[in-house]
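What follows is a short report on a single structure.
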Amino acid sequence: MFESRFRSLLALVACVPLLAFAPKAGAQAFPDPNRNIELIVPYAPGGSTDAMARMIAPRLQEILKSPVVVMNRAGAAGAIGTAYGLATSDGYRIIAAGNSNLGPGLIARDKPSYTLDDVSSLARATINPLLFVAKKGRFASFEAFVKEAREKPDTITFGTWGPRSPAHFYGEMIGDSIGGKLRHIPYDSGSKAMLAALAGQIDIAVATAATAKASINSGQLMGLFVSTDYKLADFPNVESIKTLGYPNAVYVSFEGFVTGAKVPADRVAVLRSAFEKILNDPKVKASLAEGGAEPSYQSGPQYDQHLRSNLTTLSEIRAKVGMED
């Protein structure tokens, strides 16, 4: 009788770990097919980031088997939407996040409410090479641009999509690299900077490849150089800054996806796996390229390292040229 009771007790004890970790009745695994996943675009509709998110969303929904809704929450150079996306810890908010909302603003005097420590990186999706473009005939060559910048410092103007934008930082980097300070003229979009260059109101516009493509191919603007260490297929006549003799001035902007740092590791793993499948799909890569960006997948941990390295680069530029907030 004692032996029988002992065996019953052992059986009961053996069940305790299973009972302790068993899901509660009615609990739903992540992701919940009845709950929306919000893909936050921290900018107004219609831009390149918005287009990328709307192209990715259906694929993400297909893999996760949960509704994925793109939400635009613009303001404060992306800080408002990013802060909203990082405010939860359940993984149901994903933020389209790159060099604009996780770059220069984080080293400004008036910083947003978050830092990179509040972020779990999911994947880098694209890189965006930058071009220095000028009205046809403004400069005879890249060498002529460098000569004028050195002989007449702070007179050549360059337009960007805003103060402390990645394009602004890159313009300052180029001025420092060639030994001739340039004068920054901020606009509220890259397309407006391009129009100003076309009108001769500024000497140079710093633009993404997607923004510059039509104007360069039509002959209205000339590309002085591209910011990569290689030529771009869409611009066979535009040389890379490395080939022109400035390897330390190679730089690209970028876009990717993140969620909050407090999201459980198992949920982050699910999201990272989904983005890895999506961003390595040849059809998705082709669609991204058609939109003007260059597909360049990085895993979550790799993207985290890239974001931190980029902040170091931006901080060094800011200190070297004395950029003010």
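The values are calculated or read from the model by the stated rules, or taken from the named source; none is laboratory data. Only a predicted model underlies this, so the values are computations on that prediction, with no experimental measurement involved. Cβ placement follows ideal geometry from the backbone for every residue including glycine, while neighbour counts extend to all protein chains displayed. Ligands, DNA and RNA are stripped out before the accessible areas are found, and what is left, the full protein with its side chains, is counted by its heavy atoms. Shrake-Rupley method; radii C 1.70, N 1.55, O 1.52, S 1.80 Å.
Quick check: the angle from helix 300-321's long axis to the longest principal axis of the chain, C-alpha only, nearest 10 degrees? Relative to the chain, helix 300-321 is tipped by roughly 30 degrees. Counting protein heavy atoms only, the chain has 54 percent of its accessible area on carbon and sulfur, 1.4 angstrom probe.
Taking amide H positions as modeled 1.01 Å from N, with prolines and chain starts lacking one, the residues under 5 Å from Thr157 and 5 or more places away or on another chain are Arg183, Asp203, Ile204. Figure legend: label point modelled 7 angstrom from the Cα of Thr115 along Cα→Cβ; residues of the stretch 261-276 with amide N under 18 Å from it are 261-263. Heavy-atom accessible surface of Ser287, to the nearest 10 Å², is about 50 Å², with a 1.4 Å probe and all protein chains retained. The residues of the stretch 41-168 expose, per residue, 40 Å² of accessible area to a 1.4 Å probe. In the stretch 47-177, the C-alpha radius of gyration followed by the widest Cα-Cα span (Dmax) gives 19.0, 61 angstrom.
Loop-located GluC sites (Glu not before Pro) across the stretch 258-325 with a Cβ neighbour count of 16 or fewer within 10 Å are Glu324, with loop assigned by DSSP. In the distance distribution for the stretch 267-313, Cα-Cα pairs more than 11 Å apart total 70 percent.
Given a 1.4 Å probe and the protein chains as shown, Arg308 ends up with an accessible area of around 90 Å². Extents of the chain, taken as max minus min of Cα coordinates on every principal axis and listed largest first, are 103, 38, 33 Å.
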